[in-house]
Amino acid sequence: MSEVQPFSQPTRQSSAAIIFILGRFIKMLGRQFWPVILVFFLNRKSSGINGYTLFFLGLAGFSALISLLNYFKLYFYIKDDELVLEKGVFRKSKINVPLDRVQTVNFRQTIIHQFLNVVAVDIDTAGSSRKEFSLHALSKPQAELLREVVTSWQSAAQHSAGRLAPLETGLDTDSAAPSVFSKLLFQLTPLDLAKIGMSQNHLRTAGILFAFFASFADDVKDALGIDLEKKLTWWLGTSQGWDILLALLMVIPVFLLGSFFFTMVRTVLQYFGLRFWRTERGFKIESGLFTRQEVSAVLTKIQYVLWSSSPLMRLFNMMKVRMPQAASVDVTGKLAVGLPGCYAPQLEAVRAAYFPEENAQNWEPHGVDGIATFWRFLRIGLLPTAVLILITRSWLQNGAFIWLLWLPIALWLANRYRRSWQWEVSDEGLRAQWGTFNRTAVLLQWHKVQAVSVRKAIFTKRATLARLTLYTAAGDISVPYIPFEKAQAVQDFVLFKVESGDRAWM
């Protein structure tokens, strides 16, 4: 009697999914009606039952009904080597995903998930710019079984095709069934977490907070009629220029301190307890304090390896590593596969797994043309200085010319940027590194390249310089300010390697 294939019959989620469907629906309604909710709680004229109360009671009942219907109308199953999802209440839909297109099966657990002992499952595929679909709640054994079924099917297919490379740890490649292997490469300690938090981009966090407060001011104006922007404009119009400058000098440090604290808290919440595993098919990362995430990087689908470091990270001997995969879901988002901080041994393990022949290659070094200094200086020096002088001249008078002091610093930074640009080519790949204070490096194999473009620069007399761009299924890598003939030579060589080689890009 043949063994029954798991998930061959239509399967519902765990009953706990009703809670998450309801929460998601209420969250969506809250985004639409939050000004009404704000008015209801802050501007109530009576405590009895009124139109607002009836409106919210009706909304709650409607939300509960829709959530129940969504739960009972969602099924998933595996049929004919495809993962199938059927859903819909008023408009039914059916999604068929071939198992060989499934890139990763990732798990996510909020506090409620952990309390109910269930996990959310995100299915990410090659050929899609987003998650193919998500399951709100499966029991942990059921979720593990689903991932095992998908992984086993793909491993068996790659073993038979000879595409799954064995690890150096003694995997049995002659066995028909794939081996289960995982090795812990790295685990974040509290000290590591503090180092990563301190070395994050706090200015970016400050920008996010500023955008949030600006949006909040607009919403308060619409909901309560309080025009915060008008009050600020009045204050700016009645204050002296140096008073405004003094206020900025007092507010900005406080704002940056708040940004630093916010960044530290966000880092702890997102990366607490991070563990980095080497698996048979690639890498796996587990992290999160309140929301635990488990994401995977399939080795055959990693398009290139990118690592970067800020001055603080270099002080800690750490670097940030990313492994973009083919058609990954928002490679810069929460599910991007990478390490927020690690040490040299972990980076070497990733590089060795992605490009085993790297150290045996004969690398030919190159730089970029000196004109890169001028254009960098124009972008970070001349143009910003001119804009700042024009903006501040009306209230700083001649004091606005203090911005000219930035020009020699900008020139030094521009020259440092040009000198930092180095790229190397070999028979099998590309290595490049660049950056003034924040340094970035990339490692790419030629067979991962999907297309190559050479764009001439328009700012030289005979357009003797060009930008070389290599496109992969997870993004592009560009080398600027190089001789046009050299860029063409690399383009011809890469296209020859791609067309004549037999190695798959994923």
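Laboratory data are not the source of any read-out in this text; all were calculated from the coordinates shown. If you're wondering where the values come from, they're calculated on a predicted model, not measured in any experiment. Here the Cβ positions follow ideal geometry from the backbone for every residue, glycine too, while neighbour counts run over all protein chains shown.
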* Linear extension gain, Trp375 paired with Ala194, 0.36 nm per residue minus alpha-carbon span -> 61.4 nm
* Asked: Of the cross-linked pairs Lys195/Lys320; Lys183/Lys284; Lys73/Lys284; Lys79/Lys301; Lys448/Lys497; Lys79/Lys284, which ones have a Cα-Cα span greater than 21 Å in the structure shown?
  -> Lys73/Lys284; Lys79/Lys301; Lys79/Lys284
* To do: Please provide three numbers in whole Å: the alpha-carbon extents of segment 292-402 along the principal axes, with the largest listed first.
  => 60, 43, 32
* Simple spin-label model, 7 Å along Cα-to-Cβ: Phe260 to Tyr75 in nm? -> 5.8
* **Separation of the Thr464 and Leu382 label points, Cα + 7 Å toward Cβ, nm** => 2.0
* **Amide N proximity, segment 368-394 versus Leu404 label position 7 Å along Cα-to-Cβ, cut-off under 20 Å** => 377-394
* Asked: Tell me, in nm to one decimal, what length is gained between Leu312 and Asn96 on full extension, where the rule is 0.36 nm per residue of separation less the Cα-Cα distance?
  -> 73.1 nm
* Structure fact -> Hits in segment 473-506: amide N under 15 Å from the 7 Å Cα→Cβ extension of Ala451, namely 473-478, 495
* Full extension from Asp476 to Asn359: what is 0.36 nm times the residue separation minus their Cα-Cα distance, to one decimal in nm? -> 39.8 nm
